[in-house]
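Colleague: For reference, the structure I am asking about is given below.
The values are calculated or read from the model by the stated rules, or taken from the named source; none is laboratory data. As the structure is a computational prediction, the values presented were derived from the model and not from experiment. Here Cβ is always computed from backbone atoms with ideal geometry, including for glycine, and neighbour counts include all displayed protein chains.
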Amino acid sequence: MDKYYLTTAIDYANAAPHIGHAYEKIAADIIARYKRLKGNDVFFLTGTDEHGSKVEKAALAAGLTPQSFVDGIAAKFQDAWKRLLISNDRFIRTTEEQHKHVVQEVFRKMREKGDVYKGKYVGLYCEGCEDFLRERDLKEDGTCPNHLKPPKQFEEENYFFALSKYKDAVRDWLKSSEGRLKPEGRRLEVLNQLEDPELADFSITRSRSALTWGIAVPDEPDQVIYVWIDALTNYLTGAGYLTDEKAWQKYWPADLHLIGKDISKFHAIYWPAMLMSIEVPLPNLVFGHGFITVEGQKMSKSLGNVLDPVYLTETYGADAVRYFLFAANTFDQDGDFSVGDMISLVNSHLANNLGNLLNRLLTLLDKNFAGKVPEIKLEQGMSEKIEKATASYMENMEIFEFSKAIKDALSLVDESNKYINDSKPWALFKEGKMDEGGKVIATSMCFLKRAAILLSPIMPKLANEIWMQLGFKGTIESVTTGSDAYSMTMPAGQAVNNMGPVFKRIEDVQETAASATK
Ligand SMILES: [Zn+2]
């Protein structure tokens with residue numbers, strides 16, 4: 001059984017989660033569930049990034065200590081992911097003792113390797129970015145283009161990391177045949193950044209006076225480890241580096257670091273260089289996804305359109321939110337979330353097409369076969385259709401083309417609805433042609449069964465509901481492509497459970513995105 005270790009970016013714990021955070025976690029969850037379906041031994045890591053001056057400030061404003069502040073934020077993230085049915089195996093917090101230990105050991109190893117040296121840092125630092133800026137990165141008025149604030153002048157003695165030693169090796173890795181950073185446009189962007197002569201050795205510590213809330217440099221408590229070194233190391237801690245040898249041997253290297261496109265530089269330049277320094281194999285793939293706007297606008301506190309995933313889940317259900325985000329958007333590009341669009345899409349796809357198919361089938365089955373699946377031989381033409389849609393789905397899931405994979409799964413539903421409309425089993429039953437009518441019903445159920453399995457990574461709750469109504473015992477999560485339950489056929493004589501609509505239409509709520517924002 002192949003292992004599959006995937007991670008998300010850890011979210012900065014200075015505020016509650018928004019739909020942008022949710023987008024990435026749901027994507028990772030879809031991949032994790034898909035890999036489990038394929039029989040992989042999956043380890044799925046997510047968590048919160050809890051150090052740094054922004055957290056310290058937010059805690060101060062809330063009248064709390066940084067630790068109790070991040071305890072509250074981490075709980076909010078965990079609660080949101082639970083509601084959204086995120087199936088992470090571990091939730092890592094960078095304030096955990098285990099993580100602090102690993103970060104210090106990583107620092108120690110880099111220092112022993114001769115890759116960390118003391119130097120004077122003079123420059124500009126944006127607290128919003130948690131990064132150093134150059135004059136030419138600034139807007140004409142001297143402010144950070146992302147945060148519209150002037151960066152701070154910094155001059156102090158810090159430790160530097162010898163990135164220059166690893167630039168060539170990082171370039172080779174980025175150019176290696178596997179394409180270590182995807183999508184391709186992002187890889188080319190980072191290769192360009194790598195050629196920038198100003199991308200040089202960078203400071204990896206702050207003085208304790210400049211940054212109190214962070215992990216101390218080993219044996220030097222007045223120096224604090226730069227928040228990016230701390231954050232990136234979570235991928236090692238999560239896999240048991242230096243603490244759980246068995247897990248480490250099994251899961252490292254990471255198969256996928258899923259990240260937002262804006263942090264590609266950290267993951268595809270700094271991170272591989274760090275790993276080379278401590279002599280740890282590099283991850284197999286870094287994937288930088290696009291961003292989600294809300295009703296066509298960039299999310300921001302000042303616009304008051306920061307969408308709360310907990311509110312959305314409570315109001316519309318996790319399945320609707322998950323489905324819309326990935327059916328309506330292309331993952332490697334920027335996308336949008338609109339409540340109105342979500343309602344019309346899920347009503348059409350899930351209530352009308354999918355839910356209605358199940359309802360029709362079970363009603364006809366109850367009426368004509370006492371709710372038991374008749375025995376049939378699935379026609380070759382029909383099984384070929386199921387196989388073809390499945391193969392296309394798999395291809396698309398492998399490259400994170402979720403919207404196309406969803407189309408492949410739904411094509412089985414459309415095919416089946418069309419087959420029923422064309423063959424009119426209710427008319428066949430009226431004429432007493434029970435075998436012929438039964439064949440239409442049972443064949444359609446085979447289509448629906450496979451559709452439910454393929455949709456289960458995207459909508460776990462809805463897929464389980466269909467699974468149960470089709471009369472299967474246990475959860476759909478126990479199905480793998482190698483198991484009997486995965487087979488295309490429906491077990492003859494299986495009793496179904498007709499429990500009514502699996503997805504109720506969302507009535508056209510007169511609701512704007514504003515009510516979902518905070
Ligand atoms: Zn900034």
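Colleague: What are the residue pairs meeting all of these: first residue in region 118-132, first residue of a type in the set (Phe, Trp, Tyr), second residue in a strand (DSSP E or B) and within 10 Å of the ligand (Cβ to nearest atom), Cβ atoms under 6 Å, and 6 or more apart or on different chains?
Modeller: These pairs meet every condition: 132/125.
Colleague: When you go through 461, 418 one by one, which is the residue that is outside any loop (DSSP other than H, G, I, E, B) and over 30 Å from residue 85 (Cβ atoms)?
Modeller: Values: 461 fails: over 30 Å from residue 85 (Cβ atoms).
Answer to the selection: 418.
Colleague: State whether one or more residues within region 130-139 are in contact with a Leu (Cβ under 6 Å, 6 or more places away or on another chain), within 16 Å of the ligand (Cβ to nearest atom) and either modelled with pLDDT of 90 or more or closer than 25 Å to residue 286 by Cβ (or both). Spell out the reasoning first.
Modeller: Of all residues in region 130-139, those in contact with a Leu (Cβ under 6 Å, 6 or more places away or on another chain) come to 133.
Keeping just the survivors that are within 16 Å of the ligand (Cβ to nearest atom) gives 133.
Next cut, either modelled with pLDDT of 90 or more or closer than 25 Å to residue 286 by Cβ (or both) only: 133.
Yes, region 130-139 has at least one match.
Colleague: Also, quick follow-up: Condition check: within 30 Å of the chain's Cα centre (by Cα), within 30 Å of residue 58 (Cβ to Cβ) and either part of a helix (DSSP H, G or I) or not basic (Lys, Arg) (or both). Does residue 146 satisfy that?
Modeller: On the way: within 30 Å of the chain's Cα centre (by Cα): yes; within 30 Å of residue 58 (Cβ to Cβ): yes; either part of a helix (DSSP H, G or I) or not basic (Lys, Arg) (or both): yes.
Judged against the criteria, residue 146 is a match.
Residue by residue, here is whether (1) at pLDDT below 95; (2) not in a loop (DSSP other than H, G, I, E, B) holds:
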residue: 477; (1), (2): no, yes
residue: 498; (1), (2): no, no
residue: 501; (1), (2): yes, no
residue: 505; (1), (2): yes, no
residue: 509; (1), (2): yes, no
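Colleague: Also, I was wondering about something else. List the number of the failed condition for residue 417; all other conditions in (1) out of contact with any Phe, Trp or Tyr (no Cβ under 8 Å at 6 or more places or on another chain); (2) without any contact (Cβ under 8 Å) to a residue 40 or more places away in the chain; (3) closer than 16 Å to residue 448 by Cβ hold.
Modeller: Evaluating residue 417 over (1) out of contact with any Phe, Trp or Tyr (no Cβ under 8 Å at 6 or more places or on another chain); (2) without any contact (Cβ under 8 Å) to a residue 40 or more places away in the chain; (3) closer than 16 Å to residue 448 by Cβ leaves (2) as the failure.
Colleague: Among the residues that make up region 349-362, is at least one of them surrounded by fewer than 22 Cβ atoms within 10 Å (Cβ to Cβ) and assigned to a loop (DSSP other than H, G, I, E, B)?
Modeller: No, region 349-362 contains no residue that is surrounded by fewer than 22 Cβ atoms within 10 Å (Cβ to Cβ) and assigned to a loop (DSSP other than H, G, I, E, B).
Colleague: Take residue 177 and decide whether it is surrounded by fewer than 16 Cβ atoms within 10 Å (Cβ to Cβ), small (Gly, Ala, Ser) and more than 16 Å from the ligand (Cβ to nearest atom).
Modeller: Values: surrounded by fewer than 16 Cβ atoms within 10 Å (Cβ to Cβ): yes; small (Gly, Ala, Ser): yes; more than 16 Å from the ligand (Cβ to nearest atom): yes.
It is true that residue 177 is surrounded by fewer than 16 Cβ atoms within 10 Å (Cβ to Cβ), small (Gly, Ala, Ser) and more than 16 Å from the ligand (Cβ to nearest atom).
Colleague: Among the residues of region 21-51, which ones are small (Gly, Ala, Ser) and over 12 Å from residue 326 (Cα atoms)? Lay out the reasoning, then the answer.
Modeller: Quick first cut of region 21-51, residues small (Gly, Ala, Ser) only: 22, 27-28, 32, 39, 47.
Hits for region 21-51 are 32, 39, 47.
Colleague: Pick from region 141-167 the residues that are surrounded by 14 or more Cβ atoms within 10 Å (Cβ to Cβ) and among the aliphatic types (A, V, I, L, M): which of them is nearest to the ligand (Cβ to nearest atom)?
Modeller: The residue in question is 163.
Colleague: Okay, next question. Looking at region 17-40 only, could you name the residues that are under 19 Å from residue 297 (Cβ atoms) and part of a helix (DSSP H, G or I)?
Modeller: Hits for region 17-40 are 19, 20, 21, 22, 23.
Colleague: Moving on. For region 92-129, enumerate the residues that are of a type in the set (A, V, I, L, M), buried (at least 16 other Cβ atoms within 10 Å of the Cβ) and either over 23 Å from residue 275 (Cβ atoms) or within 16 Å of the ligand (Cβ to nearest atom) (or both). Even if it seems obvious, please write down each step before you answer.
Modeller: Going through region 92-129, the residues of a type in the set (A, V, I, L, M) turn out to be 92, 102-103, 106, 110, 116, 122, 124.
Filter again for buried (at least 16 other Cβ atoms within 10 Å of the Cβ), leaving 92, 102-103, 106, 110, 116, 124.
Hit for region 92-129 is 124, nothing else.
Colleague: Right, something else. Among (1) within 16 Å of the ligand (Cβ to nearest atom); (2) surrounded by 12 or more Cβ atoms within 10 Å (Cβ to Cβ); (3) acidic (Asp, Glu), which single condition is residue 201 missing?
Modeller: Just one mismatch for residue 201, condition (1).
Colleague: With the condition kept exactly as written, say whether any residue in region 277-298 is touching a residue at least 60 places away in the same chain (Cβ under 8 Å), out of contact with any strand residue (DSSP E or B) (no Cβ under 6 Å at 6 or more places or on another chain), more than 24 Å from residue 454 (Cβ to Cβ) and surrounded by 22 or more Cβ atoms within 10 Å (Cβ to Cβ).
Modeller: yes
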